[in-house]
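No lab work stands behind these numbers, since they all come straight from the coordinates. For clarity, every value in this text was computed on a predicted model and none was experimentally measured. With ideal geometry, Cβ positions are generated from the backbone for all residues, glycine too; neighbour counts draw on all protein chains shown.
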Amino acid sequence: MNRRIIVIDDEEAILKDYLSILMPPKHSIFDLQKQAAALEAELFDGPHEPEETEQEMYKVTTALQGEEGVKKVTEAVEKGYPFALAFVDIRMPPGWDGVETAKMIRRIDKNIEIIIVTAYSDRERREIINEVGSPERLLYLKKPFDPDEIKQLALSLVKKWDLERKSERHREHLRHLLDSVRRLKTLSISSISEVLSAILNEVLNFVNAGKGFLIKLDGDQVQVEIVAGDLTSSEVDSLVDKIQHYLPGAEGVSQVNEIMLLPLKDASGNFFILVTEFHPPINDDRISLLRLLLETCSEVLESVRKQEQYLKNEKIATIGQVAAGIIHEINNPLTAIVCATEMGSLERERVWRLIDDYEKTMADAEVPSWLRERIERVTTQAGATDIRTKMTNFDAIIKNGIKRVVHLMKSIKSLTKPVHNFEPRLGDLNEALDTTLLLVQNSIKYGIKVHKELDSPLMVWCDMDGLGQVFLNLILNAVQAMNGRGELWITGKKQGGNLLVSIRDSGPGISEEARNKIFDAFFTTKTDGTGLGLSIVKGIIEMHHGTIEVDSKVGRGTTFNIVIPCDWKPPESLGGSA
């Protein structure tokens, strides 16, 4: 509370009275209390110990003339320590009178509380108000005054001044908050990193801090995302070391040493804003508004993340449509190639039959020997046998390549089908697994050893294309987790009334915190991930009335276990057919 009071009066004796009332020595107060206790003991016939009570104390400055008082008010304002209250005598010859002095003070400090003190009724109160202004901060007191009256006025007006300043600061902070919210809500950027940068700048501006940075907590690892101010990397590392063990349990705004810790809610991870060098200290009112700002920051971050995800989904959908179109365009010439290859094989067989008949004719005894020798020599020089063998091999290679291309086009086409287009049929899961391994062959053939332990057949009612997406997602995740080097185990068997499929990798494993969120939509541990893959996988498995679980420990790899009931059969409305 601001307890600074200035008293302007041309009589020194009156100034001393003010000082004795507003700044009494502590021992004199206690003496009065003892006297009261003694009188109470005498009246009520018993010992009474005085109870020491707290006396309101003020820091009082005095001035004998108006000009001197105005000068001191000016200096106080310039230094940033203004007076809360001024007692001004109305008559102070030979200089300014109290009204002129109060008018000048009001020009310098519009917030100061003023009490005009007079022993005469020579100026009307209305006239004083008209000249000085701000009647809500102006009182009129007549001499002789009572000390308790002075004490009460001082206490009330000082507290009034303090409350008004708090209210002004709160309004200013609120206006600042609304400006920050408006800027965040109208961001024209969609990049997550740019949004985080804007959020950090708004928070630093709101708390009047020059330095800060934003981090992401991933398990036990702290990743510095954005730095604001001239913080060096060594300074950032030092600050992170000081607060790292506070982060896992941090839920609200808190202060650790010289660092302010601000949690930022986000669906994809734990973000924290760390602020240092903030002046002045943040009070409770501003912290309440700061929480509102952080909530808005979280909403904006989530909104931009969803927008970015929507754009990614649209892009993926567009790519799917383009892929479907390309597959259609490829299938036309591919069909022609297949037909031409088959026709070529037939024509080659006719040629070889002709050659075989010719050779049989040459073996006839009626053919002259010289002609037979000449034909044999030409045939040997041409290498007809080798040509036949090579052409047969080339034909097999062409047919096998065409078969693989057709299979690949069919597999890619299955991925362009919407997830919600659920079309169950009785099929063998080995078909979906083989198709998936064909698609990822280029990713796994160099550094990943694949172990397959699959019962055959693995018959179940299922949407084969949908399960193909499941297996493709899980296998690609495993390949990426192992950085293209490691071992992959794919097992499938029938157990009881269920089919059990497991996909296990030798990768780095998944933290417990990430495991709890791994099937949540938009949650991802990849810098360029969409966070939808495993969510879609779970949805497809649940369409089959099955379950999927993850078993993983950091440093020990990851296993996804899928259980699909064998006794489930789709209703006729789904159009299931064998």
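For the stretch 81-130, GluC sites (Glu not before Pro) are listed when DSSP marks them as loop and at most 16 other Cβ atoms sit within 10 Å of their Cβ; the list is 124. Got a sec? Which residues in the stretch 443-477 would a label at residue 404 touch, if it sits 7 Å along Cα→Cβ and we count backbone N under 18 Å? Taking a point 7 Å out along Cα→Cβ of residue 404, the residues of the stretch 443-477 whose backbone N falls under 18 Å are 443-448, 450.
Of the trypsin sites (Lys or Arg not before Pro) in the stretch 77-139, which ones lie in a loop per DSSP and count no more than 12 other C-beta atoms within 10 Å? Qualifying residues, ordered by number: 110.
Each of 264, 138 has some number of other Cβ atoms within 10 Å of its Cβ, and from fewest to most they run 138, 264.
Residue order for 120, 140, fewest other beta carbons within 10 angstrom first, comes to 120, 140.
Residue order for 462, 297, fewest other beta carbons within 10 angstrom first, comes to 297, 462.
Of 403/452; 242/538; 399/494; 71/151; 71/211, which ones are farther than 30 Å apart at the Cα? Flagged as over cut-off: 242/538; 399/494; 71/211. Annotation: peptides 224-235, 499-510, ranked by per-residue average of other Cβ atoms within 10 Å with the highest first, follow the order 499-510, 224-235.
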